[in-house]
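The values are calculated or read from the model by the stated rules, or taken from the named source; none is laboratory data. What you see is a predicted model; the values in this text were computed from it and never measured. FYI the Cβ positions are ideal-geometry reconstructions off the backbone, even for glycines, and counts take in every protein chain you see. All accessible areas refer to the heavy atoms of the entire protein, side chains included, with ligands and DNA or RNA removed. Shrake-Rupley method; radii C 1.70, N 1.55, O 1.52, S 1.80 Å.
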Amino acid sequence: METGIFYILAAIILTSALMVVSLRNIFHSALMLILCFFAVAGLYITLDADFLAAVQVLIYVGAVTILMIFAVMVTHQLTGTTMRQVNEQPIPAALIIIVLFILLAIAITQTGFEVIGKFPLMPTVAAIGTALMTVYVLPFEIVSLVLLVALIGAIIIARRD
Amino acid sequence: MLELNVIFEAVHRWLEGILPQGLVTLISALGTGGIVLAFLSILALFLVWWERKVSAHMQQRLGPMRTGWHGVLQTIADGVKLVQKEDLIPSTADRPVYFWAPVICFVAAFMAYLVIPFGRGLIVQDLNIGILYIIAITTFTVVSLLMAGWGSNNKWALLGGMRSAAQIVSYEVPLTLSILGAVMLAETLSMVGIVQSQAGGFWNWLIFRQPIGFIVYYIAATAEANRTPFDIPEAEQELVAGFNVEYSGMKFAMFFLAEFVNMFTISAIAVTLFFGGWNAPHPIFNFVPSWIWFMGKSLVSVFILMWFRWTYPRIRVDQLMGFAWKFLLPLAFLNIILTGLGVLIFRN
């Protein structure tokens with residue numbers, strides 16, 4: 001049952017991700033990205049990570065992709081036209097992608113994934129909150145600093161016009 | 001005691017006696033889905049009629065009077081008319097996007113009812129991320145509005161869709177932060193847990209410890225549901241009808257239904273988080289079934305939303321954004337800081 005659901009979700013993720021980069025209408029690409037993110041959230045649910053799934057939908061579907069669509073809509077050159085999906089430098093791009101793929105493959109195969117048996121669905125929210133505020137408080141603060149820098153940068157760029 | 005969960009539990013036990021376990025799970029899942037869908041459809045029919053009567057009486061008119069007693073059958077007549085209408089699709093429309101927009105809008109509105117606690121034991125599934133799930137799943141509403149705006153290939157619809165995206169993304173931030181205060185006091189995200197933490201009497205309701213949180217939530221939720229004074233995505237005088245201008249027949253009906261379902265959703269969340277959910281105001285009123293308390297409080301809240309609509313004029317687009325980022329957001333942060341201080345001082 002769970003394996004079947006995993007394969008269905010994986011098929012949706014891969015198909016929609018392929019469509020994101022191959023569709024010629026950029027608005028359709030953005031919608032496919034939403035489908036992809038939503039299917040990833042489904043994957044989290046099969047792994048009993050309910051909090052992560054809700055946050056995935058909230059951040060990626062509710063904020064990131066919506067802002068992308070918004071940018072597409074206010075950009076006049078993009079609306080209604082079909083876009084080329086290939087640019088002028090296929091060879092450097094292919095090289096970078098191959099290197100990235102090899103690195104990821106090494107990282108994934110070298111990591112020893114601990115396989116534990118089926119465990120009951122536990123509330124994950126409190127555990128995540130405690131971890132963020134105690135063990136991982138420094139990375140957490142650094143990430144929020146990076147976000148703050150990005151916000152201020154966006155405001156400065158917007159004010160220059 | 002007319003608690004409805006007794007009936008559902010009896011039916012479930014009866015099914016378990018005559019059918020295998022897998023089939024019972026399937027039937028109860030489909031059955032609860034069907035019951036919620038039927039409830040929401042009837043509720044939307046009632047709310048559309050009620051909105052028309054409330055607006056009419058506030059403007060010293062009578063409203064619908066011809067179909068049935070005081071026009072109670074008006075929405076059914078409207079529904080029959082909408083079903084019969086030709087389903088127009090603009091020739092330049094982006095067809096798949098145009099088709100899926102109302103479907104996603106309706107499904108997003110419907111999905112929130114997975115975790116709404118209608119009464120004691122009367123909840124489809126008590127997820128332990130309850131309130132977070134509702135915030136997450138209802139973001140698909142804005143996706144559907146953008147799809148409708150884009151798919152129609154109409155400049156009014158596109159403008160309406162863009163306005164709604166900007167508005168909902170902005171107001172979602174204070175909305176989520178305003179809920180956090182209540183969650184900090186209840187110490188749980190589960191909707192049932194939040195209601196249970198307010199049991200015992202009206203002095204335990206979170207409205208008395210979260211007045212700022214409630215005000216921020218109510219304003220931001222009104223904006224999220226595109227209700228006046230925040231109905232800028234469909235401002236009739238400026239945008240004809242906004243994102244749904246090209247829709248007709250059943251597709252328009254789905255948008256319309258979703259709007260009224262969303263209005264009930266934000267009322268139900270307000271009641272659950274701040275007004276004790278299904279709890280009676282005082283233990284001596286416990287003889288009244290819990291679902292009557294929940295429905296009564298929610299409908300009062302819906303009435304207040306309607307009251308807003310016929311009282312306040314619409315605010316301008318630039319005022320709208322400034323209000324969200326410069327007023328509601330700092331207020332929501334202030335509420336979180338005060339709540340945190342309160343928890344620190346009074347719990348230890």
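Residues in the range B:298-309 carry Karplus couplings, in order, of 5, 5, 4, 5, 4, 4, 5, 4, 5, 4, 3, 4 Hz; the curve used is 6.51 cos²θ - 1.76 cosθ + 1.60 with θ = phi - 60°, and Gly or Pro positions show x.
In chain B, excluding the sites themselves, the longest stretch lacking any of the trypsin sites (Lys or Arg not before Pro) that are in a DSSP loop with at most 14 other Cβ atoms within 10 Å is B:86-315.
Our helix-only sum for the protein assembly as shown, with -39,500 (n - 2.57) per DSSP H run of n ≥ 4 divided by its residues, gives a mean residue ellipticity at 222 nm of -22000 deg cm²/dmol. On the basis of the beta-carbon distance and an R0 of 41 Å, B:V72 and A:V149 show a calculated FRET efficiency of 0.10.
To the nearest 20 debye, what is the magnitude of the charge dipole of the range B:182-329 about its Cα centre, counting +1 on the Cβ of each Lys and Arg and -1 on the Cβ of each Asp and Glu?
Working: 8 positive and 9 negative charges, 76 e Å.
Roughly 360 debye, rounded to the nearest 20.
Projected onto the charge dipole of chain A (+1 at Lys/Arg Cβ, -1 at Asp/Glu Cβ, origin at the Cα centre), which of A:V137, A:L95, A:Y44 gives the Cα projection farthest towards the positive end? Working it through, the farthest residue towards the positive pole turns out to be A:L95.
The 1.4 Å probe gives accessible areas that order B:L114, A:L58, largest first, as B:L114, A:L58.
The HN-Hα couplings worked out from phi for the range B:220-225 by the Karplus form 6.51 cos²θ - 1.76 cosθ + 1.60 (θ = phi - 60°) are 5, 5, 4, 5, 4, 8 Hz, whole numbers, x standing for Gly and Pro. Taken along the Cα-to-beta-carbon direction at a fixed 7 Å, the label points for B:A38 and B:F346 span 4.4 nm.
Rg(Cα) of the range B:45-143 divided by 2.2 N^0.38 Å? It would help to have the intermediate numbers written out before the result.
Details: Rg = 18.5 Å, N = 99, 2.2 N^0.38 = 12.6 Å.
It is 1.47.
Amide H to amide H, with H built 1.01 Å from N, B:L88 comes under 5 Å of B:S248, counting only residues 5 or more places away or on other chains. For q = 0.10, 0.12, 0.13 Å⁻¹, what log10 I(q)/I(0) does the protein assembly as shown give under the Debye formula with an equal point scatterer on each alpha carbon and no solvent? The Debye formula, applied to the Cα set alone, gives -0.92, -1.34, -1.57.
Split the accessible area of chain B by element, probe 1.4 Å, and carbon with sulfur accounts for 71%. Tell me the net charge near B:K326. Cut-off is 15 Å between Cβ atoms, B:K326 excluded, with +1 for each Lys or Arg and -1 for each Asp or Glu. With Lys, Arg at +1 and Asp, Glu at -1, the net is 0.
Near B:T138, no amide H atom lies under 5 Å from its own; only residues 5 or more places off or on other chains count, and H is placed 1.01 Å from N. Loop sites here are chymotrypsin sites (Phe, Trp or Tyr not before Pro) outside DSSP states H, G, I, E and B with no more than 16 other Cβ atoms within 10 Å. The longest part of chain A free of them is A:1-112. Our compactness index for chain B, the C-alpha radius of gyration over the empirical 2.2 N^0.38 Å, is 1.03.
Send over a whole-number figure in Å² for the accessible area per residue of the protein assembly as shown, probe 1.4 Å. Intermediate results must be reported in sequence, preceding the final value.
Numbers: 27810 Å² over 509 residues.
Ligands and nucleic acids excluded, the result is 55 Å² per residue.
Charge tally around B:P102: other residues with Cβ under 12 Å, Lys/Arg +1 each, Asp/Glu -1 each, net -2. Once the Cβ-Cβ distance of B:F99 and B:E9 is raised to the sixth power relative to R0 = 45 Å, the FRET efficiency obtained is 0.65.
Number of Lys-Lys pairs in chain B with C-alpha atoms under 20 Å apart and a separation of 8 or more places or on different chains: 5.
Each residue of the range B:255-272 was assigned a 3J(HN,Hα) from its phi angle through the Karplus curve 6.51 cos²θ - 1.76 cosθ + 1.60 (θ = phi - 60°); the sequence is 4, 5, 4, 4, 4, 6, 5, 4, 4, 5, 4, 5, 5, 5, 5, 4, 5, 5 Hz, with glycine and proline shown as x. Using a Gaussian network model on chain B with a 10 Å cutoff between Cα atoms, which of B:Q59, B:Q74, B:Q167 fluctuates the most? Most flexible of the set in this elastic network: B:Q59. Figure note: A:I97, B:I137 ranked by solvent-accessible area, largest first, 1.4 Å probe, ligands and nucleic acids not counted: A:I97, B:I137. The range B:92-111 and the range B:190-205 have their alpha-carbon centroids 37 Å apart.
Only protein heavy atoms count here, probed at 1.4 Å, and on that basis chains B and A bury about 2100 Å² of accessible area in total. Look at where the Cα atoms of the range B:55-76 and of the range B:300-338 average out, and the two centres are 30 Å apart.
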